[in-house]
Every structure is written in C-alpha cells, then in structure tokens.
Amino acid sequence: MKRPLLFIFFLSVFFLLVGCAPTKQAIYLDAGFQPEVIDKITLLPVVDARIGKKIQGNFNWYILGKGEEILRKKGYQVGFSDNIGEISQITEGDLKSGDSEWIKRLGPSDARYVMVVVLVGVGTGFHGFGSSGGAEVAGYLYNKDNGTMVWRDMGRGSVQGQGGLIGLATKSALSWNAITAAMKNLLSTIPKRPNIKDIKKIDASKGSAETQHEQRDLTTAKSSQEQFQPKEASKNYGIISITSNPPGAKIFIDGEFKGQTPAEISLNSGTYQIFLQRQLYEPYKDSLVIEQGQTKTLNIKMSPAADGQR
C-alpha cells in the first residue's frame, strides 16, 4: 500500500475509534454533587505547572475567559477574583491533596464555590503534513463551606494547521485554539445546572411533609432574630450587579480587574470608582456608593468609539 493511502487508512481508523469512544467521565465527581445549589463559581488565577515557565497575563485571562464562557452556557453564575485567600501560593500538591482546612482558606472569604485551572502544557510543532498545536489543563472545584473537593478533571486539546510560511505565521493562533479545545474538554464533565423552572420542580418534588417539618422548626425557635443572627453578622458587604450592552466588557473597580460583564461582585461598604472597557467602544467611568446588605444594579449601554480610537 502506498504511503499516502496508508496514512489515510490509519487516519480513518483513528477518527472511527474517537467517534466510538464512550462519553468522557470526570476523574473525580462528588457523589452528592448538586448543580442546582451552586449559586456562583468564583474563578481564581490560573496556576502554571510548566517547568521553568511563568504564565503571562494574556494566557491567564484567556483561559479564565473561556472557563467563564463554558460555565455560563452550563447555567452557572461566574465571578473572578485575584484574592487567593489566607495562603501564600497555590501549588498542584495542595490542589490534589483536598485538605479541608486548606480549602476553607482558599480564595475570598465571601466565596462558597471556587475553581482553580492549572495550565499543564501548551505548544506547537511542525511536521511533514503541516503544523499542529496541543494543550493540557487541569481543573479543581471546591466547596469552601465544608472544605471538600467536589470535582476534578484533566482536559486535552489539539488542533491542526497549515505547513510552510503560513504555518509559521499562524503559530500563536494554534496555541490559543489548542487551549480553547482543552478547556472545552476539561469542563465537559461539569454537570449542567438546571434552569430556574427545573430547580422549582426539584424543590416541589421534595413534598409538603418536609416543608411542614421546617415550618414547625421555625415556629419553635426562640425568635427570628436569634435564628438568623449568624447570617446577619457575616453580611458586612454589599453587591454590585453589572451588565453591559454589548456584554463582555472588562470591569475594573478602583483600578483592580474584577472580570467581565455580566457579573455580580461583593464589596465592602464604601465608595468605588467603576471603569468598564471593551474593544471598539468608549470606556465607561462612574463613582458608586456600596451600602451594607444592599444590591446596586448597573445596566450600561456602551457607545461605539470614534474611528481614530478603534
């Protein structure tokens, strides 16, 4: 058999095997995982596990942006935070250990579910048939309330490019595309969150007996003030809900990057400078007062930038 025909034969067998492969399963998924109770997932900075490498800002935000995009499509609210919590640094060893006390100290104090993505590797190569790019990432999702790992997995992605000068010119694009494929593969094992109507059906299916039991417990409590005192004591912040038209604007609060619109961000009470930035649109600036226990809503319609500023 001639070499080109041999290559086509093995390539066809490969795609046949891929098509027949079983659905990807997560390395670890807590048996009690309930997507409907996860109100929000906070993404922390990407950990770079490559030897002798340090992740650049563009890689970090590209990976987090892809994570946000995929998780939102699965029905989750997503936030970002540079605050890694009461720890000096995040290592792969700590992430895999699942230590309860370490998990409780990870990330901002007001976050319940936090996710960390690890960049294991990314690269490009050239061969006789053209160019290719590959990437590998890992992901960990924790419940800070009880200090447990609820999900863990690995994701791999590969893409094919052209050869010759065109392949050299598009080398960086192969890396980005490979990371996109790896993130999709990684988060494919995160269960989809039911929509609001589905959650109401789930709650209703628990039956009226449970509801009546909860009402009796509340009635026998000494007072509503005592019953909810712990929640009130921890509520020393307010929330700002920001949306923009078009979405995807970068949010800066007092000069610190907080993610992209739409987003809900918890802040201590006080006055803040809000700055939104999106390519091809005029920046938006405003001053906002956050009050304890209240939610402020910003719906921003961004104006197209002048031709000279695009």
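Throughout, read-outs are computed from the coordinates displayed, never taken from laboratory work. Note that the structure is a prediction, hence the values are computed from the model and not measured. All Cβ positions, glycine included, derive from the backbone under ideal geometry; neighbour counts span all protein chains shown.
Take each of the peptides 84-92, 131-139, average the number of other beta-carbon atoms within 10 Å over its residues, and list them starting from the highest. List each step's numbers first, then the result.
Working: 84-92: 13.2, 131-139: 22.4.
Highest mean packing first, the order is 131-139, 84-92.
Pop the C-beta distance of Q273 and N245 into the FRET formula with R0 = 25 Å and round what comes out to the nearest 0.05. Present the calculation step by step, with values, prior to reporting the outcome.
On the way: r = 21 Å, r/R0 = 0.85.
Using R0 = 25 Å, I get an efficiency of 0.70.
Under a 5 Å amide H to amide H cut-off, with H placed in plane at 1.01 Å, what residues pair with G259 once short-range neighbours are removed?
For G259, the qualifying residues are I251.
Taking 0.36 nm per residue of sequence separation and subtracting the Cα-Cα distance, how much length would be gained by fully extending the chain between N83 and R112, in nm to one decimal?
9.1 nm
Find the centroid of the Cα atoms in segment 85-99 and in segment 283-303, then give the distance between the two in whole Å.
Segment 85-99 and segment 283-303 have Cα centres separated by 34 Å.
So for the pair N146, E36, with labels modelled 7 Å out along Cα→Cβ, what separation do we get in nm?
Rounded to a tenth, the inter-label distance reads 1.7 nm.
If R0 is 25 Å, what FRET efficiency do you get for T91 and Q25 from their C-beta distance, rounded to 0.05? Walk me through the intermediate numbers first.
Working: r = 26 Å, r/R0 = 1.04.
The value I calculate is 0.45.
Per residue of segment 36-47, in order, report the coupling 6.51 cos²θ - 1.76 cosθ + 1.60 (Karplus, θ = phi - 60°) as ³J(HN,Hα) in whole Hz, putting x for Gly and Pro.
5, 8, 7, 6, 7, 10, 9, 8, 9, x, 5, 9
Once the Cβ-Cβ distance between K301 and E256 is put in as r, and R0 is 30 Å, what FRET efficiency do you end up with, to the nearest 0.05?
Values: r = 24 Å, r/R0 = 0.80.
Working from the Cβ atoms, E equals 0.80.
Pairs K66/K192; K250/K285; K250/K301; K258/K285; K192/K258: which exceed 22 Å Cα-Cα?
Beyond 22 Å: K192/K258.
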